[in-house]
Amino acid sequence: MKVGIFSNSGQASTQVSNALRSKIKAVGLKLDDDRPDIVITVGGDGTLLSAFHHYESQLDSVRFVGIHTGHLGFYTDWRDYEVDQLVDSLVHDNGQSVSYPLLDIQIDYTNGVHEQLLALNESTIKKVTGTMLANVYIKDQLFELFRGDGLCVSTPTGSTAYNKSTGGAVISSELDVVQVSEIASINNRVFRTLGSPIIISPNESVRVEPVHSKENLMTCDQKVIGNRAIRSMSFKIATQRIAFAQYRHTQFWKRVSESFIGVKPLD
């Protein structure tokens with residue numbers, strides 16, 4: 001089995017990465033950052049998102065494992081002091097995994113260029129200044145004319161990220177759905193939007209057509225696309241999925257509870 005290590009540049013993460021490399025070599029596993037079977041990320045959720053996009057073209061053959069060296073990691077199951085236990089799990093790996101849905105993003109620019117992107121968490125579209133106006137279609141049927149700061153389109157696991165801060169629902173990772181939430185929409189007696197997040201099934205898609213193609217800012221996880229005139233953006237569940245090595249992968253709702261609530265049972 002070939003193991004790749006993807007780390008941020010922080011001192012704590014660098015120390016963990018160096019220890020991890022030494023221990024992996026000591027047990028006879030092969031280190032390969034180019035064509036790995038397992039990618040171990042060292043840092044936090046931002047590091048894992050970067051690793052996901054780095055290995056995006058290898059999703060059919062790569063499983064991820066996350067070590068977090070900070071205070072909170074939603075996608076990361078291991079702590080920095082558990083390197084020995086993780087290496088032992090690598091030695092006894094039998095291919096076990098759990099997978100999560102991804103977001104497929106299709107972008108058409110006014111110059112005729114088409115681009116396809118994948119997101120693990122979410123994609124947003126906003127206007128740089130002023131109010132964004134956009135026609136929103138569901139399965140090619142006009143749904144509404146949106147007015148506001150922007151729209152956030154998220155995956156189930158991404159529903160706990162920016163989507164949650166916009167008032168969107170937290171969705172089970174076992175559902176292959178897309179959520180669209182509004183960012184500061186304008187609703188009064190003249191202008192109306194639905195005013196609620198919407199959930200899109202796997203056989204549906206959402207298309208957003210900005211009324212003004214210029215001055216729009218689009219994001220795909222951490223990637224920012226600006227200064228490009230967007231004709232339309234379409235969103236749906238991707239055919240690809242991200243896989244995590246399920247050595248002791250934390251159950252989704254336990255992860256949500258521990259990350260946001262920290263509740264303990266009453267005695």
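The values are calculated or read from the model by the stated rules, or taken from the named source; none is laboratory data. Predicted model only: the values in this text are computed from it and were never measured. For neighbour counting, all protein chains shown are included, and Cβ atoms are generated from backbone atoms with ideal geometry for every residue, glycine included.
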Any residue in the range 204-217 that is within 20 Å of the chain's Cα centre (by Cα), at pLDDT below 95 and surrounded by 15 or more Cβ atoms within 10 Å (Cβ to Cβ)?
-> yes
Failed item, numbered, when Ile107 is tested on (1) over 21 Å from Glu56 (Cβ atoms); (2) touching a His at 6+ places or on another chain (Cβ under 8 Å) = (1)
Specify which of the listed residues (Val65, Val98) is in a strand (DSSP E or B), under 15 Å from Ser17 (Cβ atoms) and touching a residue at least 40 places away in the same chain (Cβ under 8 Å).
-> Val65
Looking at (1) assigned to a helix (DSSP H, G or I); (2) touching a Leu at 6+ places or on another chain (Cβ under 7 Å), which is the one condition that is false for Leu86?
-> (2)
Restricting to the range 218-243, what's the tally of residues that are surrounded by 16 or more Cβ atoms within 10 Å (Cβ to Cβ), among the polar types (S, T, N, Q) and more than 30 Å from Ile40 (Cβ to Cβ)?
-> 2
Mind checking which residues of the range 24-46 are part of a helix (DSSP H, G or I) and either at pLDDT 95 or above or over 22 Å from the mean Cα position of the chain (by Cα) (or both)?
-> Ile24, Lys25, Ala26
Please note which strands (runs of 3 or more DSSP E) are completely contained in the range 118-176 and include at least 2 residues that are over 30 Å from Phe260 (Cβ atoms) and in contact (Cβ under 8 Å) with a residue 12 or more places away in the chain.
-> 132-138, 141-154
Say we look at the range 170-198 and pick out the residues that are among the acidic types (Asp, Glu) and at pLDDT 95 or above; which of these is surrounded by the most Cβ atoms within 10 Å (Cβ to Cβ)?
-> Glu182
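Each row is one residue, and each column tells you yes or no for (1) among the small types (Gly, Ala, Ser); (2) farther than 20 Å from Lys25 by Cβ.
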{"site": "Phe74", "(1), (2)": "no, yes"}
{"site": "Arg79", "(1), (2)": "no, yes"}
{"site": "Asp84", "(1), (2)": "no, no"}
{"site": "Asp93", "(1), (2)": "no, no"}
{"site": "Ser97", "(1), (2)": "yes, yes"}
{"site": "Leu102", "(1), (2)": "no, yes"}
{"site": "Glu115", "(1), (2)": "no, yes"}
{"site": "Leu118", "(1), (2)": "no, yes"}
Is it fair to say Val256 is buried (at least 17 other Cβ atoms within 10 Å of the Cβ), out of contact with any strand residue (DSSP E or B) (no Cβ under 9 Å at 6 or more places or on another chain) and farther than 30 Å from Thr129 by Cβ?
-> yes
The lone condition Gly4 fails out of (1) modelled with pLDDT under 95; (2) in a strand (DSSP E or B) is (1)
Right, Arg21: surrounded by fewer than 16 Cβ atoms within 10 Å (Cβ to Cβ), among the basic types (Lys, Arg) and modelled with pLDDT of 95 or more or not?
-> yes
For Arg241, state whether it is within 21 Å of Phe74 (Cα to Cα), basic (Lys, Arg), touching a strand residue (DSSP E or B) at 6+ places or on another chain (Cβ under 9 Å) and not in a loop (DSSP other than H, G, I, E, B).
-> yes
Write out, first by first residue and then by second, each pair whose Cβ atoms fall under 6 Å of each other, whose residues are 6+ apart or on separate chains, and whose first residue, in the range 201-227, is on the phi < 0 side of the Ramachandran plot while the second is assigned to a loop (DSSP other than H, G, I, E, B) and β-branched (Val, Ile, Thr).
-> Ser213/Thr110; Leu217/Val128
When you look at Ile107, is it at negative phi and in a strand (DSSP E or B), yes or no?
-> yes
Unique residue being in a loop (DSSP other than H, G, I, E, B), more than 15 Å from Pro101 (Cβ to Cβ) and of a type in the set (S, T, N, Q) when the list is Ser196, Ser259 | Ser196
